[in-house]
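In what follows, a structure is listed as structure tokens, so that the remarks can point back to it.
The values are calculated or read from the model by the stated rules, or taken from the named source; none is laboratory data. The structure displayed is predicted, hence computed values, not measured ones. Here the Cβ positions follow ideal geometry from the backbone for every residue, glycine too, while neighbour counts run over all protein chains shown. In case anyone asks, the SASA skips ligands and DNA or RNA and just uses the protein heavy atoms, side chains included. Shrake-Rupley method; radii C 1.70, N 1.55, O 1.52, S 1.80 Å.
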Amino acid sequence: MPGPLFNFSSYLGAVYQGVAGGLVAYVGLFGPGVILIFGIVPFWARLRHVKWFKSMLNGVNATAIGLVGAACVILWEGAVATAADAMVFVLAGTLAIVYNIGAPWVVLAGGVFGAILSTDALSLGQVAWCSLGANL
């Protein structure tokens, strides 16, 4: 079962109605996606060569990139309080975007770098990132 949402729904269904409830909850959450995939697959080979559909996919891709960028801005505002936080954020972004390093390695590198900069280790960069925001 992929993902915590599927696991949690199956767990709740099983708690409520036993094994049958777990299966119903799993199928109820996982089923629509599977049906949609099997409904689209027969048309995909033809659709991916249609010009307007390819343009639409480019638009959807651009929208997804914009949403990820917006999430990064929201995360920045909520998570970056010190210069060390900003350094870890910039390091992770640089590794992922510029050097095209995979997400598990980026997370590992950010964790190690953050641990080194933490107050328990070297305590580097533990100054307020922006004092102006506190006065507003």
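Odds and ends about this structure:
- Given (1) under 30 Å from Gly13 (Cβ atoms); (2) modelled with pLDDT of 90 or more; (3) not small (Gly, Ala, Ser), index of the condition Trp105 fails: (1)
- None of Leu108, Leu122, Leu36 is of a type outside the set (Lys, Arg), over 17 Å from the mean Cα position of the chain (by Cα), open to solvent by 90 Å² or more (accessible area, probe 1.4 Å) and closer than 30 Å to Pro4 by Cβ except Leu36.
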